[in-house]
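Here is the structure we will look at, set down as C-alpha cells.
Values in this text are rule-based calculations from the coordinates and carry no lab data. Because the structure is a prediction, the values reported are computed rather than measured. Cβ atoms come from the backbone with ideal geometry, glycine included; neighbour counts cover every protein chain shown.
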Amino acid sequence: MAAAGGEASGAAAAVAKEDVEADVVIVGAGIAGLATALALRRAGVARVAGRGGVVVLERHAELRATGAALTIFPNGWFALRALGVAHKLTSRYNAYETSKVTNLESGATQVFRFAGNKGSGGVKVRPVDRKALLGALAEDLPPGTIRFSSKLVSIDTEPAIGDSSETVVLRLNEGTVIRTKVLIGCDGVHSVVARWLGMSEPASSGRSAVRGLSVYPHGHSMKRELRQFLSEGLRAGMVPISDTDIYWFLVNNTVAVEKEAATDPIKTIREVSDNLAKHMPAEYLDVVRHSDMGNLSWAPLLYRNPWSLLTGKAARGPVTVAGDAFHPMTPDMAQGGCSALEDAVVLARALSQAATPAEGVAAYVAERRWRAAWLVAGAYVSGWVQQGGTNVRGVRGYLVKLFRDWVFYPFVFPRLADTMWYDCGDLTAPREEGKSHTQ
C-alpha cells in the first residue's frame, strides 16, 4: 500500500529541505484526502502531480486503515460514481438491505430496511474494507501525488505576487517549505488545519467504540445483513463484508479501563469478550474471538457541535477543511466516510467553477455547512437513543428505551435513512484540457 498513488517516503526525502510550489496541498491521505485529490484531478482543478499540481501530505509512512471496514450508503456510492471508482468496489462487495435489531433485555427483534422512504434505484448499501477503498482512490492518482512521512508543523500566509490573493506557506517536519494557492485540511478529528482556522474543538459524546475485522479462512455462514444487539449502555453489531471476513463493532459508554486496553489488542479482545459483551449472543462473541489483531481499534467517539458548524469559521481565504477535520461525527448513521466523499466532490466542483480559490472555498463551505450540521446532529441523536441514553438511569432511561422501540425505529429512523440517499452531483469537466484552474 505504501507505493499507491506515489513514490512513498523515498520521493519525500528527495525533495526534503527544498522550496516546493503547488496549486493545492491536502493534509491527510485518508478517505477525505485521497477523494479530494482525485476529485480535483477529475474536475481539472489541478491535473498534474508535483510542482504546480496537487500534493497530499501524509505523516505516516504508508496509507492507514484505522477502523477495519465501513458501510457505504447510497450517498457515498453517488460520490464514488462521480469520482470514477465505484465500479472497482461494487464488483467486489455484496450488498445488503436489512438490519435486524435485537433488544437483549426484552428479547424483541425488529427488522427494518435501509431504503427508508425511497426506492433503491439500483443503488445498494455495501460494507467495504477500508484498505480497499483507500487503494481504489490512491491508484488513480499520478505517481508522486502522496508525500509520505511528511508532518505539517506550521501554517502561515503571505501576499501572492502580482495580485491581491494570499499564498499559504507550509513548513514540514523535515524542513521542506511548500507554497500553495489552496490548502485543504483532511487531517482528521484533531486537525491542525481546523485548529489554525479557529474551529471549535471536538466534544466527547460520552461513548466509545471498538471496531474489528474477523477472518474465517474457510468461510462463514452469516447471512448478509446487519445484526445489532442492544443492552444497558451497549450497542453491538456485525456484518459480513465477504465470504471470509466479518466486520464487527461495540459501542459502549466510556469506561476507565479502555485507556489502557486500547493500546493492546489482546487486552481489548479480553475486555470485550470477558466483560463488556460477555452477555452477548454466542455467535457475536465467536466473531469477536476471530478478530485480526492488526485491524482492531478502541477509541472515544467525538463530534463537533452542530451549532458551531453553522456559525463557526470553516474557511479563511483559500484554506478550508473536509471530512472529519470539518465535521467529526459519531458513527451511528455510518456517515463519516460517506460525507467525506460528498465533501470531495462538492469542493472540487466549487473550485472548478469559481473565479478565485477563495471564492470556491467559500462556496463549498456555504453548500456543505447545513448538511454537515444535520448529519452530525442526526448521528448523535441516533446513537444516544439506540443505546437507551448515555448514562441515563431510572424513569428517564425507561422512557428513552420506550421511545426507541416504539417511535424511533418505526418512524424516525426511516426518515433519517432518507438523508443517506442524497446525491452530491457530478464533477464539472475541465474548462480547458491540460490547464489547471488555479493557474
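Other residues lying with their Cβ under 12 Å from the Cβ of GLU201 contribute a combined charge of +2, Lys and Arg counting +1, Asp and Glu -1. Translational diffusion of segment 214-264, estimated by Stokes-Einstein from the Kirkwood radius over alpha carbon pairs at 20 °C in a medium of 1.002 mPa s, is 169 µm² per second.
Taken along its three principal axes, the alpha carbon spread of segment 195-334 comes to 54, 33, 26 Å, from the longest extent down to the shortest.
For the peptides 266-278, 372-384, residues were scored by their other Cβ atoms within 10 Å and the scores averaged per peptide; the highest-first order is 372-384, 266-278. Along the positive direction of the dipole of the chain (beta-carbon charges: Lys, Arg +1; Asp, Glu -1; about the Cα centre), which of TYR380, LEU152, THR167 reaches farthest? The listed residue farthest towards the positive side: TYR380.
Charged side chains reduced to their Cβ positions (Lys and Arg at +1, Asp and Glu at -1) give the chain a dipole of some 820 debye around its Cα centre. Please label the shape of the chain as rounded, prolate or oblate, based on the square roots a ≥ b ≥ c of the eigenvalues of the alpha-carbon gyration tensor (a/c under 1.5 means rounded; beyond that, a/b larger than b/c means prolate, else oblate). Cα axes put the chain in the prolate bin.
For segment 158-286, the dipole from Cβ point charges (+1 on Lys and Arg, -1 on Asp and Glu) about the Cα centre works out to 160 debye, to the nearest 20.
Remark on THR167: its backbone amide H falls under 5 Å from those of GLU158, ALA160, a criterion applied only to residues 5 or more positions apart or on other chains, H modelled at 1.01 Å from N.
Summarising the amide proton neighbourhood of GLY188: residues at separation of 5 or more, or on other chains, whose placed amide H is nearer than 5 Å comprise ASP324, ALA325.
Classify segment 283-439 from the C-alpha gyration tensor, please: rounded if a/c falls under 1.5, else prolate or oblate depending on whether a/b exceeds b/c. It comes out prolate by the Cα gyration axes. Sorting PHE408, PHE78 by the number of Cβ atoms found within 10 Å of their own Cβ, with the fewest placed first, yields PHE408, PHE78. Near the amide H of PHE112, within less than 5 Å, lie the amide hydrogens of SER99, VAL101, all on another chain or at least 5 residues away, with H placed in the peptide plane. Counting other Cβ atoms within 10 Å as a rough exposure proxy, the listed residues TRP421, TRP298 run TRP421, TRP298 from fewest neighbours to most. Applied to segment 226-234, the Karplus parametrisation 6.51 cos²θ - 1.76 cosθ + 1.60 on θ = phi - 60° returns per-residue 3J(HN,Hα) values of 7, 9, 10, 10, 10, 8, 4, x, 9 Hz, with x for Gly and Pro. Taking the helices alone, the chain has a mean residue ellipticity at 222 nm of -9500 deg cm²/dmol, built from -39,500 (n - 2.57) per DSSP H run of at least 4 residues and averaged over all its residues. Of the cross-linked pairs LYS124/LYS223; LYS131/LYS278; LYS100/LYS401; LYS259/LYS401; LYS100/LYS223, those separated by over 21 Å at the C-alpha level are LYS131/LYS278; LYS259/LYS401.
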